[in-house]
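Written out below as structure tokens is the structure these notes cover.
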Amino acid sequence: MDWKKCAIEDLHNYNARKESLENIIMRISALKDQSASVKCSMNSDKIPVQGGGSKIEDRILSNLVERERLKHTYHATKRLVELTERGLAGLDERGRLILERFFIAPAKGNVERLCGELGYEERNIYKLKDQALYDFTIREYGLMDY
């Protein structure tokens, strides 16, 4: 596994993951509302045939399964966001700025902007980027001794 690719992917996906947390909560809430609106009917024509479920039971079960899957997705995504934030929190302002411009919010001309703002030549910006990415990764995942 290439640590640089993993770290860059985490940074690229950081904002989208943060936004998805609220969207997941809203989706779970909508499913809860939908579940509450499902009314069960005990009519004889709704009785399952040979052990199968009725349409209402299928809707209830599908709703429950989707909510549970979304809860697991929420917790996994939240953990990834927290790891990324922990990695970024350990960097100095310059390192965070460089990683933001390269990976979190990349835009055309960001390298030139960094050169002007930080007062470094382009090749030094790339060296600083590599160092910031390394420092971020160590703070995000830790360093394992082999």
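Of all residues in region 101-127, those satisfying the criterion of being over 20 Å from Met1 (Cβ atoms) and crowded, with 19+ Cβ neighbours inside 10 Å are Arg101, Phe102, Leu114, Ile125.
For the structure I just gave you, tell me whether Leu143 is among the hydrophobic types (A, V, I, L, M, F, W, C), within 20 Å of Arg17 (Cβ to Cβ) and either free of Cβ contacts under 8 Å to residues at least 12 places away in the same chain or buried (at least 17 other Cβ atoms within 10 Å of the Cβ) (or both). Judged against the criteria, Leu143 is not a match.
Each reported figure results from applying straightforward, stated rules to the coordinates on display, with no laboratory input. All of these numbers come straight from a predicted model, not from anything done at the bench. All Cβ positions, even for glycine, are placed from backbone atoms using ideal geometry, and neighbour counts span all protein chains on display.
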